[in-house]
1. Which peptide among B:35-48, A:166-179 comes first, and what is the full order, when sorted by highest mean count of other Cβ atoms within 10 Å?
2. Can you compute the charge dipole magnitude of the range A:191-297 about its Cα centre, using +1 on each Lys and Arg Cβ and -1 on each Asp and Glu Cβ, nothing else charged? Give it in debye, rounded to the nearest 20.
3. Can you tally the lysine pairs in chain B where the Cα-Cα distance is under 21 Å and the two residues are eight or more apart, or on different chains?
4. Before anything else, pin down the relative contact order of the range A:121-178: Cα pairs under 8 Å, at least 6 apart, normalised by residue count, whole percent.
5. Grab the Cα-Cα distance for residue A:133 and residue A:101, subtract it from 0.36 nm times how many residues apart they are, and report the gain in nm with one decimal.
6. Please compute the net charge surrounding residue A:70, taking Lys and Arg as +1 and Asp and Glu as -1 over other residues with Cβ under 12 Å from its Cβ.
7. DSSP loop GluC sites (Glu not before Pro) in the range A:249-327 with at most 14 other Cβ atoms within 10 Å of their Cβ, which ones?
8. Taking each residue of A:161-170 in turn, how many C-beta atoms of other protein chains fall within 10 Å of its C-beta, and what is the average?
Amino acid sequence: MKLLDSAQASALIQSGKPLLLAGDEAVLLGLPRGNWIAGTIPYFMTAEGGCQNREKVFVHEIPDVVLRAHIRAYNTSNISRVYSHGFDNGMSAVIVPALTDIHQTFANGAPQFPDFALVPLFGWIAGIHLSELGSTAPKVVDGSTGEVFTDQAIVMHMELRPGYYANVDIINLFEPGTGDQLTFPASGFSADRVFVNGVEQSFYEYMTKNEIDLRPPLVADYCGAHVNVSFQSLDHENKRVNFYAPVFENVVYRLAEPVADYVAEFGKQLGSRASSGLVFSCNCILNYLYAELEGKQTGAFAGPITFGEVAFQLLNQTLVYVDVAKL
Amino acid sequence: MTVEFEKIPNSFWVNVALGTVDVAYEFLALKIALSRLRGHAKAGPAEASKAGEELRTLFAKYAQIPQAQRDLQNLLGKAGLS
């Protein structure tokens with residue numbers, strides 16, 4: 001997993017290896033056809049630290065223990081089949097263009113899709129340079145056909161050799177705080193009402209009255225896994241709160257404890273996780289921005305800096321990684 | 001490790017789905033799926049039974065994965081079934 005120039009990436013593509021790519025749109029569109037999928041983003045974590053680069057491509061090489069890799073695009077009508085289409089002993093990588101209907105459909109619906117979590121599904125939400133927000137659309141690419149999508153997700157379903165398995169896991173530095181319990185009367189990427197310790201009120205007023213910092217996320221405890229929903233903005237006109245992932249009805253959220261030193265805390269959590277079988281990782285652009293990761297290293301976990309992360313479902317402000325190991 | 005899933009009573013899966021049998025989980029797929037199933041299971045006996053079936057399917061699917069095996073062994077131990 002490394003940042004390569006276009007010629008190096010092209011050579012790898014032409015070797016026939018399945019690849020997961022990330023890069024600026026202009027670079028991706030200049031690559032030869034082959035067994036790869038990609039998403040747009042010009043921000044990366046590399047062995048040398050966080051960086052932005054519009055000339056190079058980040059490459060995750062799929063290991064030789066993958067026997068077959070099939071590429072398939074999904075729209076809002078068939079994304080619900082994404083888990084069902086996975087190989088029985090396999091893993092599936094998904095890249096979804098941000099700020100689109102397919103992003104919303106996947107994020108809102110994934111936990112209810114057939115065979116949810118029965119295939120190790122991992123991936124990320126493609127984005128753009130932050131200076132181009134509102135003027136450029138995030139895109140994903142099917143490298144086998146050269147097709148570019150702004151409204152579909154691209155998936156590489158991979159079959160593993162017998163005796164091997166893929167393990168998808170996360171590193172989330174945010175812990176739920178000890179403050180109010182927040183639940184929402186409706187699921188979605190924005191909320192106007194909230195139950196605060198069981199009492200319904202305006203979420204916008206709760207946020208403004210308490211001068212809540214929008215940088216730390218909401219955190220829910222999923223049987224021991226801390227799942228974040230990041231704040232996008234306060235909609236002052238409509239008195240709503242917007243998120244980068246949906247809150248779900250009947251899930252209890254708390255405001256996160258702030259993380260004082262992301263890099264130091266990250267180092268503590270690495271522990272034994274830096275596996276030799278690491279095949280993929282990505283981290284969130286909000287961690288990159290708020291923790292000022294440009295030029296700072298996060299160990300072996302290199303990959304695109306993303307507009308959302310997927311570990312079975314959409315996550316925010318979380319590092320997702322996958323390792324493949326022998327049983 | 002081989003688990004004989006057919007010998008595990010349905011009530012075990014239902015109790016895990018309801019959270020009356022619980023441990024500190026290790027396997028991410030289980031944590032995320034179980035969190036959703038718990039929401040469904042609390043809706044009533046039929047929903048709890050269905051959630052228990054889905055849970056058994058999940059464990060059977062990942063039966064060879066060490067993290068899932070350790071979670072299942074811990075649960076069986078907690079339920080007095082190991």
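Read-outs throughout are calculated quantities, based only on the coordinates presented, and are distinct from any laboratory measurement. Note that the structure is a prediction, hence the values are computed from the model and not measured. Please note: Cβ atoms are built from the backbone with ideal geometry, for glycine as well, and neighbour counts cover all protein chains shown.
1. Descending packing order for the listed peptides: A:166-179, B:35-48.
2. The dipole of the range A:191-297 has a size of about 260 debye.
3. For chain B, the number of qualifying lysine pairs is 10.
4. Values: 28 pairs, mean separation 13.0, N = 58.
Taking the mean separation of contacting Cα pairs over the length of the range A:121-178, I get 22 percent.
5. Numbers: separation 32, 0.36 × 32 = 11.52 nm, distance 1.67 nm.
Using 0.36 nm per residue and subtracting the Cα-Cα distance, I get 9.8 nm.
6. 0
7. Answer by residue number: A:249, A:292.
8. Average per residue, whole number: 3.
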